[in-house]
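S.K.: Mind looking over this structure? Questions follow.
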Amino acid sequence: MHILVTGGAGYIGSHTCLELLNAGCTVTVVDNLLNSSRVAISRVEELCGKRINFIKLDLLDIDGLRQVFAQHLDVRAVIHFAGLKAVGESVEQPLRYYQNNLIGTLNLCQVMAEHRVKHIVFSSSATVYGTPETLPILENFPTSTTNPYGSTKLMIERILQDVHISDPGWQVVLLRYFNPVGAHPSGYIGEDPSGIPNNLMPYITQVAAGKLMELRVFGNDYPTVDGTGVRDYLHVVDLAKGHVRALEYTQKQPGVFIYNLGTGMGSSVLEMVHTFMEVNKINIPYRIDPRRPGDIAACYADPSLALRELGWKTEYGLREMCRDAWNWQKNNPDGYPEFE
Ligand code: NAD
Ligand code: WQD
């Protein structure tokens, strides 16, 4: 089956392309490389010995997108990763986030409809649950958002649901990721954030590498096991496999499908730091700082629907996440090279 992957050169996209190729799919990637490298694509190809059809394209270029679909008439489904994803940046540049994430998705849906490709898997996020009243989080919990990035996710979910209402032949899959971390165990592909990382795991690996002095732990007065924030971290390879399962399961049945993809287990910042130090035998200096504005105390999934319907559950634990994140960082201290 031929799958079009938007944002396939990025962190989660590259790992998913590998799983798709391993599952026997043909893969075309469109990515503008705004936050990623062409080298990620070559490395996926090397890892599995198969080719990816890579097209450098911005989803805002609807005519370019039309050409892609016209040239690849056998595309059966789209996995839509392409988007901007930094929460803080979205507060500073809301128009850019709405423009890129919403218009990019509208263009994509428009061209899919023109070519009667009606199967889409969308990268949503646990951020759409806002501040949950109880834990663990189920798919039918109320949704709300606190920043423009999260609002784009929720708006896109609604747009796709409306597309399905207008034409019930669509298969719409909304995957709500919790906190993806780690890297492929080969250490060959991984997360390559530009500038100082916002997220916990890449920050830890850069402290471990000596590129950053110390980790700032944002708050130790939350009502959690040790006062630090609790999240549902999942290995990016598990997450990538979730996409393949979701595509397979929804292949023959139209509808809107919503799944939490997480482990179902919460870990605190300090649990993460201590696991990283123990597994990798590296000290991570840290200090306690005030809470980060906008953070919630705890967030973790009830992923049982994904298990029941997709037969998907995570296989890797926190130790493997820490091992593989460090393995990637160690082997690629400056991320992907410009050329290879
Ligand atoms: P990423 O930045 O590594 O990947 C996104 C890719 O999309 C990049 O390669 C970027 O160049 C590309 N892109 C952005 N705008 C584009 C456009 N207009 N046209 C073409 N390509 C474009 O991010 P990621 O971590 O791999 O996340 C993938 C998706 O998953 C995103 O939609 C993100 O919002 C969502 N998500 C990520 C996380 C996370 O913690 N990483 C959690 C929940 C949801
Ligand atoms: C995790 C925990 C921090 C950095 C964000 C987005 C979310 C999703 C994933 C896309 C929190 C603490 C962090 C640091 C710290 N992305 N922390 N020091 O905030 O759960 O989610 O990324 O959809 O939308 O909001 O992830 O990795 O930033 O933080 O103490 O330097 O680590 O306070 O408790 P978060 P994170």
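S.K.: Does any residue of region 174-191 turn out to be within 15 Å of the chain's Cα centre (by Cα) and under 22 Å from N107 (Cβ atoms)?
M.R.: yes
S.K.: Another question, if that's okay. I need the strands (runs of 3 or more DSSP E) fully contained in region 206-304, keeping only those with at least 1 residues that are open to solvent by less than 20 Å² (accessible area, probe 1.4 Å) and more than 12 Å from ligand 2 (Cβ to nearest atom).
M.R.: It comes to 233-235, 255-261.
S.K.: Moving on. What helices (runs of 4 or more DSSP H) completely inside region 1-92 contain at least 3 residues that are surrounded by fewer than 15 Cβ atoms within 10 Å (Cβ to Cβ)?
M.R.: Passing ranges, in order: 62-71.
S.K.: Moving on to the next point. Yes or no: G317 open to solvent by 50 Å² or more (accessible area, probe 1.4 Å) and more than 21 Å from M213 (Cα to Cα)?
M.R.: In short, no.
S.K.: Could you check, for region 41-63, whether at least one of its residues is within 16 Å of ligand 2 (Cβ to nearest atom) and within 27 Å of T250 (Cβ to Cβ)?
M.R.: The answer is no, given that none of the residues of region 41-63 is within 16 Å of ligand 2 (Cβ to nearest atom) and within 27 Å of T250 (Cβ to Cβ).
S.K.: Within region 305-314, how many residues turn out to be open to solvent by 40 Å² or more (accessible area, probe 1.4 Å) and not in a loop (DSSP other than H, G, I, E, B)?
M.R.: Count: 3.
S.K.: Among (1) within 15 Å of ligand 1 (Cβ to nearest atom); (2) part of a loop (DSSP other than H, G, I, E, B); (3) at negative phi, where does G169 come up short?
M.R.: (1)
S.K.: Same structure again: Go over the candidates T143, T127 one by one and state the one that is near ligand 1 (Cβ under 9 Å from one of its atoms), out of contact with any Asp or Glu (no Cβ under 7 Å at 6 or more places or on another chain) and more than 29 Å from M1 (Cα to Cα).
M.R.: When all the criteria are applied, what remains is T127.
S.K.: Would you please name the residue that is farthest from ligand 1 (Cβ to nearest atom), looking only at residues in region 150-162 that are in contact (Cβ under 8 Å) with a residue 24 or more places away in the chain and open to solvent by 30 Å² or more (accessible area, probe 1.4 Å)?
M.R.: My answer is Q161.
S.K.: Sticking with this one: For region 129-138, check the following and say yes or no: at least one residue is assigned to a loop (DSSP other than H, G, I, E, B), within 16 Å of ligand 2 (Cβ to nearest atom), modelled with pLDDT of 95 or more and closer than 28 Å to Q253 by Cβ.
M.R.: For region 129-138, residues assigned to a loop (DSSP other than H, G, I, E, B), within 16 Å of ligand 2 (Cβ to nearest atom), modelled with pLDDT of 95 or more and closer than 28 Å to Q253 by Cβ: present.
S.K.: Further, regarding this structure: Which residues, counting only those in region 318-336, are part of a loop (DSSP other than H, G, I, E, B) and without any contact (Cβ under 8 Å) to a residue 60 or more places away in the chain?
M.R.: D334
Let's see how each residue does on (1) modelled with pLDDT of 95 or more; (2) open to solvent by 10 Å² or more (accessible area, probe 1.4 Å); (3) assigned to a strand (DSSP E or B):
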{"site": "Q99", "(1), (2), (3)": "yes, yes, no"}
{"site": "L108", "(1), (2), (3)": "yes, no, no"}
{"site": "M112", "(1), (2), (3)": "yes, no, no"}
{"site": "F122", "(1), (2), (3)": "yes, no, yes"}
{"site": "T146", "(1), (2), (3)": "no, yes, no"}
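The values are calculated or read from the model by the stated rules, or taken from the named source; none is laboratory data. Since we're looking at a predicted model, the values are computed, not measured. Neighbour counts run over all protein chains shown; Cβ positions are idealised from the backbone, glycine included. Surface areas here come from the heavy atoms of the whole protein model, side chains and all, with no ligands, DNA or RNA. Shrake-Rupley method; radii C 1.70, N 1.55, O 1.52, S 1.80 Å.
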